[in-house]
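Derivation of every value follows stated rules applied to the coordinates shown; laboratory data play no part. All values derive from a computational prediction rather than experimental measurement. Positions of Cβ are generated from backbone atoms using ideal geometry, with glycine treated the same way; all protein chains shown enter the neighbour counts.
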There are 2 protein chains.
Amino acid sequence: MTTADARTPARLRHTPSWLISLVSAHSHRLVGAGFAAAGARGYHYRLLAALDEYGPSSQAALGRATAVDRSDVVAALNELAAQGFVDRTPDPSDRRRNIVTLTADGTRHLLELDGVLTGIQEELLAPLSPAERDQLTGLLARLADHHAKSR
Amino acid sequence: MTTADARTPARLRHTPSWLISLVSAHSHRLVGAGFAAAGARGYHYRLLAALDEYGPSSQAALGRATAVDRSDVVAALNELAAQGFVDRTPDPSDRRRNIVTLTADGTRHLLELDGVLTGIQEELLAPLSPAERDQLTGLLARLADHHAKSR
DNA sequence: GGGCCAACATTGGCGCAACCAACAATACAT
DNA sequence: ATGTATTGTTGGTTGCGCCAATGTTGGCCC
């Protein structure tokens, strides 16, 4: 045997960016699997959530609210519209825009995905106590906030 | 205007998996840009780090140590070998294996990437105090650990 | 020794997320 | 009126994480 077994290199084990991407990868696997089982993927949930919270919106506004690229919004909305979760009609007051609307089916779908997602939070944070979970989300929120502002 | 500006939907703002992927995406952008400027990418760093820590290894062992798929190890090693950062010679004692060795140039390159990476940690964790940084890495490490074990 | 299964390197492919460049149509500001 | 910005859309590219198939080689059992 020429050395090297299944232990992560030390310089990675203690590097925050590595830990974050590790945990993110795991979370991503869980979410991806859960969403896939419901016939969706990340972009779909983001868009549906934005529509539910802000009401009918233009595609550009949706992209801004969800940090999804305009071009990717198009593709995801095509899929959502094909499933009947969303309606897309031209805005009469600004003919560049489409007004995207959440349908009743779309709302149902969103609620289903909400369920998937909350279940996954539990699984993801399993080893942490409630206090620790708050600590973690607080710290992460501050990081996310900081970097969102300096954009 | 039909509502919806640049605020993230509330159900996402408080969802750990969302925060994690947000921060991870940001970290990923930083690391990706830094590595790209040095002519590398994530897989390269992982492999070089493993080689440096464990010494000459087979490709399969490298894949295990870095959680990189065997097939992706092949591609990354091709790139690293083309840059002269790594040597690949057949193992005389087991002709199925290649022995991958870190060259002097490879070590230099690794050190350069180390520098890039530590700079990025600073940028990534900027808004946190030293104590908070320890808290965060501690919590993340526990999550990573937990999920690594249940694999 | 013959036969079988496991491990290895390699090729080729897939899906998702994130991003970029270009374009035509429309709105708007000066 | 002319230029600038915004919008939806098409059509790419990249990184990362996977999976399947192939041919070669080792190790093991009988």
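The figures follow:
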quantity: The stretch A:8-151, relative contact order [Cα under 8 Å, separation at least 6], %; calculated: 21 percent
quantity: Those GluC sites (Glu not before Pro) in the stretch A:56-151 that DSSP places in a loop and that have at most 12 other beta carbons within 10 Å; calculated: none
quantity: The stretch A:33-97: trypsin sites (Lys or Arg not before Pro) in DSSP loop, at most 12 other beta carbons within 10 Å; calculated: A:ARG95, A:ARG96
quantity: Approximate shape of the protein assembly as shown as ellipsoid semi-axes (Cα gyration tensor, √5λ), whole Å, largest first; calculated: 40, 21, 19
quantity: Across the identical copies, how the A:GLY32 labels are spaced - nm, sorted shortest first, 7 Å along Cα→Cβ; calculated: 1.4
quantity: Axis proximity, chain A to B: residue whose C-beta lies nearest, plus whole-Å distance; calculated: A:SER24, 2
quantity: The stretch A:60-132 - Rg over Rh from alpha carbon coordinates, Kirkwood radius; calculated: 1.14
quantity: Rg and Dmax [Cα atoms of chain A; Å; Rg one decimal, Dmax integer]; calculated: 19.2, 71
quantity: Rel. contact order, % - alpha carbon contacts under 8 angstrom, at least six apart, the stretch A:27-99; calculated: 24 percent
